[in-house]
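Here's the structure we're looking at; comments come further down.
The values are calculated or read from the model by the stated rules, or taken from the named source; none is laboratory data. Everything quoted here is computed from the prediction, not taken from an experiment. Ideal geometry is used to build each Cβ from the backbone, glycine not excepted, and the neighbour counts take in all protein chains shown. For the accessible areas, the whole protein counts, side chains as well, though only heavy atoms, and no ligand, DNA or RNA atoms are used. Shrake-Rupley method; radii C 1.70, N 1.55, O 1.52, S 1.80 Å.
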Amino acid sequence: MPINIPQRKAVIQDIKSRGGMVAAVLPIHYPRALLRAFNIFPVEVWGPPRVDVSLGGSQLQSYVCAIVQNALSFIKMGALEIADLILIPHTCDSLQGLTSLLIDMVKPPSPVFPLYLPRGRREEDVIFLAEELQSLYAGLAELTGRRPTDAELLAAIAREELCDQLSGRLYEQRQTLGLGNLDFYRLLRSREYLPAEEFAALAESALAVEAAPLPGTPLLLSGILPEPMMVLDLIEEMKGLVVADDFAGCGRRLYRPGLSPEPFRRLAESLVAAPPDPTRGNAIGDRVQFLVEMAAKTYARGVIFYEVKFCEPELFDLPELRAALKERGLVSLHIEVDINNPLPQQTATRIGAFLEMLNH
Amino acid sequence: MTIINSLKYYWNVKLTGQPFLAWQRRQAESHPKISARWRSDILSPPLKIAARTRELISRHYLEGRYAAGHRPVAWVTSGAPVEILQALGFYILYPENHGALCGVRGAVVELSGAAENAGYSTDICSYARTDIGSVLSGKTPVGRLPPPDLLLACTNICQTVLHWYRVLARHFQVPLILIDTPFVYSKLAEHSLEYVKIQLENSIPAAERAAGRKLDYRRLKEIVQLSKDATELWQEIINRGHQRPAPLSVFDQFIHMAPIVEMRGQKATVDFYAALLKELDENIANGIGAVRNERKRLLWDNLPIWYRLRYFAEYLGEHGICVVASTYTNAWGELAPFMNTQKPLAAIARTYISPILNQGTGYKLATMQRMVTEFQLDGIILHSDRSCKPYSIGQIEQRNRLIQEFDIPALLLEADHDDPRAYAEAQVASRLAAFVEMLDD
Ligand code: SF4
Ligand code: SF4
């Protein structure tokens, strides 16, 4: 059953017409609830397609990934002027560079808020992140003139935690939702711009369906994001079924709730304990374990590492990760993509050959 | 630690190796020879201190060859707070410095190739590729590297080092201490500083376990003092470039900076830089400049191109151009004021969160503008280093503003600091030639 997902543009217009503010948020991890408590609606910017890349290219070298190139182009096109602020989590050297460039040089009309994410999972990392979130709160309070109470923060946290839980259930029931690869990811990724309430309603209606298990060779995807999204259709055409993923934008954001009743600490606990992600400094061993468990749970037969060109955080782990998975009987394929171009025929052929191999 | 290893260490390092290296250095000092390839027509004779630099670097790697099983060994990132490890008696290896040495000796293509054959992409930093290739193949131009008992990664230069050290930690199966230093976009936040300090405090037990001894805080203070002394001397050395003609070029600095990077906190390093400063002062008194006929003065931004140091020194020297200052070498001196021995951990935290690479692109632009004035510069070469995104992103705009707002010629050169395969010989030569011509206009 096709799902009726509102368009991003319409959602933004609706938010604005209701007096809400919009935060353009760059990848990857950030506290949605903190923004919502200020009546700020996060709309994520993952290197949008169809931008004039030459705009970013005039200030960024060609060896910077397309997500960053596109984001800068998008900002320079004026496409983010609708946003009341830009939030950029500290994800990698390239996004760090972009943030700095925006703050010191480009100076877009909307204020830029950086957010440092600690690279460890120690108690000191949680304490630091809780303080970093408080400092973001102070900045947002100055921008909006509001000061949400702890109760308001906790209510926003509860809404997002419900969405996290629903996203987790979508993955659990993935094979009986009756959704093809593309529809499943369109639904999941709608959370990149939908308010929590709307996403929750969509997710619940999808979860209410109980369809016959989908056919196809079960496989996992890993990387930053499934773009260009045509890869999902392509996999389906080749009789592959994406049963779960380790995408930074999807599976790695299945946050568990924090434990603390104190809102900042609770948000920090949840972000720090998220599934392993190289951009948050997780050890390779944690990632191996995560992928192996995911494959066991979903009966996946192989992994496609679907990577954005020039993404160092992903590239460093790959050899060890693939070797460790192979030792545990999980074969993998590594593909690098340029998210601005359609998939080349050669990539399609390699995916086809990989799926064929999995079937024998 | 075993007696056999200690005996080997004393025999090979203390009894034979070091005396031999000292003898070699004395020979070089008493009978200075200038290589036939040295362009004496355009460059002044090499600094006398060069023999001592060679000795110090050789001693360092010689010790490394025999350190395993005798001393605890730590591998650390170039901006890591090493004072605690120094005080605990670690032998400290800097894979980035080793990578630079491999670059100078032309070993990068082979070593990086070993990493690439194992699946590491050519799109990751060439220092990391060189190091991982050296680890996987066991090859190095310095004979042998001691395996680490401990790894220390500090994110104050880039996030790349953490990814790289995660690979090393998995390979060697040793503990990795992370000192995470939040990036300073505009103002250093108190909670960031406190975070670094707490990590330093919490790292001590793990470092003590790997060292097999307790940290002596008196010794730590002495080491912080030695680091501060060496760093201050290095800054003075760099500042001698204010003189006309400049007594040393950045190509000299790139070579003589090895001790300030990999031997901070040692008495020998302080003595070395005191001697270098003395030699520079003598040269200044005698009117000797690094480039014989210095007409123009430049700034270098970003890492050196290790495999082309000589080419740049000679090509620019031929045109009477001396590159007298660099944001890169300056980074090792500008932190001296933050070091103090009263509250060593707080001082270490402040020092190591503040390097230029951990600060915004506007700070770097302001540093370049200040250097242009202080060193009376005529132009800037910005090396856009394919490997080093944290240093390179922002350079295009920095160059534009230097040209527009500071009215100073600035050239952006695409290359890679260690991997010669990313260096387009003809293209660099023609862009450099056009730039030199423009300087004369
Ligand atoms: S794709 Fe990789 S390099 Fe690019 S912004 Fe994302 S994490 Fe950073
Ligand atoms: S060259 Fe740049 S990216 Fe590589 S280790 Fe050094 S600072 Fe990091």
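List, by residue number, every residue in the range A:294-336 with a reduction of 30 Å² or greater in accessible area between the chain on its own and the complete protein assembly, 1.4 Å probe. With the partner chains in place, the range A:294-336 has these residues losing at least 30 Å²: A:PHE310, A:GLU312, A:LEU315, A:PHE316, A:PRO319, A:GLU320. Report Rg(Cα)/(2.2 N^0.38 Å) for the range B:8-141, keeping two decimals. Compared with the compact-globule rule of thumb, the range B:8-141 sits at 1.24.
Taking a ≥ b ≥ c as the square roots of the eigenvalues of the alpha-carbon gyration tensor, the range A:104-262 is classed prolate because a/c is 1.5 or more and a/b outweighs b/c. Across peptide B:147-156, the average count of Cβ atoms from other chains found within 10 Å of a residue's Cβ is 1.
Counting only protein heavy atoms and a probe of 1.4 Å, the accessible surface of chain B is 53% carbon and sulfur. At q = 0.18, 0.22 Å⁻¹, work out log10 I(q)/I(0) for the range A:8-90 with the Debye formula, treating every Cα as an identical point scatterer and leaving solvent out; two decimals please. Relative scattering, expressed as log10 I(q)/I(0), comes to -0.76, -1.03.
Solvent-accessible area assigned to carbon and sulfur over chain A amounts to 54 percent, based on a 1.4 Å probe. Can you pull the percent of Cα pairs in chain A with separation above 40 Å? Of the Cα pairs, 9 percent sit more than 40 Å apart.
With protein chains left intact and a 1.4 Å probe, residues in the range B:2-440 average 37 Å² of accessible area per residue. Overall, the range A:251-300 carries a charge dipole of about 120 debye about its Cα centre when +1 sits on the Cβ of Lys and Arg and -1 on the Cβ of Asp and Glu, all other atoms neutral. Close amide H contacts of B:TYR91 (hydrogens built in the peptide plane, cut-off under 5 Å, sequence separation of 5 or more or a different chain): B:VAL73, B:ALA74. Test of understanding: in a Gaussian network model of chain A with alpha carbons linked when under 10 Å, which of A:PRO263, A:PRO109, A:PRO42 would top the mean-square fluctuation ranking? Result for chain A, Cα springs under 10 Å: A:PRO109 fluctuates most. Amide H contacts of B:GLY379: B:ARG297, B:LEU299, each under 5 Å away and 5 or more positions distant or on a separate chain (H built 1.01 Å from N in the peptide plane; Pro and chain starts excluded).
The aspartates and glutamates whose alpha-carbon is closer than 17 Å to the alpha-carbon of B:LYS48, local same-chain residues fewer than 8 away aside, are B:GLU29, B:ASP252, B:ASP271, B:GLU279, B:ASP281, B:GLU282.
Please build a GNM for chain B, connecting alpha carbons under 10 Å apart, and tell me which residue among B:GLY362, B:GLY133, B:GLY119 fluctuates the most. Per the Cα network of chain B with a 10 Å cutoff, B:GLY119 tops the list. Only protein heavy atoms count here, probed at 1.4 Å, and on that basis chains A and B bury about 4300 Å² of accessible area in total. Straight-line cross-link reach from B:LYS389 at under 30 Å between alpha-carbon atoms covers these lysines, not counting any fewer than eight positions away in the same chain: A:LYS76, A:LYS107, A:LYS309, B:LYS139, B:LYS187, B:LYS197, B:LYS228, B:LYS296, B:LYS364. Report the normalised scattering of chain B as log10 I(q)/I(0) at q = 0.08 Å⁻¹, calculated by the Debye formula with identical scatterers on the alpha carbons. Those come out to -0.44, one per q.
Shown for the range A:56-183 is the translational diffusion coefficient from the Stokes-Einstein equation, using the Kirkwood radius over Cα pairs, a temperature of 37 °C and a viscosity of 0.692 mPa s: 185 µm²/s. Peptides A:135-144, A:336-345, B:54-63 ranked from most to least packed, by the mean per-residue count of other Cβ atoms within 10 Å: B:54-63, A:135-144, A:336-345.
Averaged per residue, the range A:44-181 has 35 square angstrom of accessible surface, using a 1.4 angstrom probe with ligands and nucleic acids left out.
Estimated at the nearest 10 Å², the accessible area of B:ARG421 is 120 Å² with a 1.4 Å probe. In the range B:98-138 the Cα-Cα distances spread across 10 Å bins starting at 0 as 38, 57, 4 percent of all pairs. Per residue, the average separation of C-alpha pairs within less than 8 Å and at least 6 apart gives chain A a relative contact order of 17 percent. Here's how it looks for B:ASN156: its modeled amide H is under 5 Å from those of B:THR181, which are all 5 or more places away or on a different chain. Taking all Cα-Cα distances within the protein assembly as shown, those exceeding 43 Å account for 31%. Given a cut-off of 13 Å, what percent of all Cα-Cα pairs of the range B:346-405 lie beyond it? For the range B:346-405, the share of Cα pairs beyond 13 Å comes to 67 percent.
Distance between the pseudo-spin-label points of B:ASN202 and A:ALA212 (7 Å out from Cα toward the beta carbon): 5.4 nm. Compare B:LEU150, B:LEU47, B:LEU280 in a GNM of chain B, Cα atoms joined below 10 Å, and give the one with the largest fluctuation. Of B:LEU150, B:LEU47, B:LEU280, the Gaussian network model singles out B:LEU47 as fluctuating most. The 3J(HN,Hα) values that the Karplus relation (6.51, -1.76, 1.60; θ = phi - 60°) gives for the range A:15-23 are, in residue order, 4, 5, 5, 9, x, x, 9, 10, 10 Hz. Gly and Pro appear as x. Per-residue ellipticity at 222 nm computed for chain B from its helices equals -16500 deg cm²/dmol, with DSSP H segments shorter than 4 residues left out and the rest contributing -39,500 (n - 2.57). Phi-derived couplings, Karplus 6.51 cos²θ - 1.76 cosθ + 1.60 at θ = phi - 60°, listed residue by residue for the range A:112-119: 9, 10, x, 9, 7, 10, x, 9 Hz, with x used for Gly and Pro.
Remark: the range B:14-29, residue by residue, has Karplus-estimated 3J(HN,Hα) of 6, 7, 10, x, 5, x, 5, 5, 5, 5, 4, 5, 4, 4, 5, 6 Hz, where x stands for each Gly or Pro and the curve is 6.51 cos²θ - 1.76 cosθ + 1.60 at θ = phi - 60°. Dipole of the protein assembly as shown computed with +1 at Lys/Arg Cβ and -1 at Asp/Glu Cβ about the Cα centre; of A:PRO278, A:ILE5, B:TYR94, farthest Cα towards the positive end is B:TYR94. The gain in end-to-end length when the A:LYS9 to A:GLN289 segment is fully stretched comes to 96.9 nm, 0.36 nm per residue minus the alpha carbon separation.
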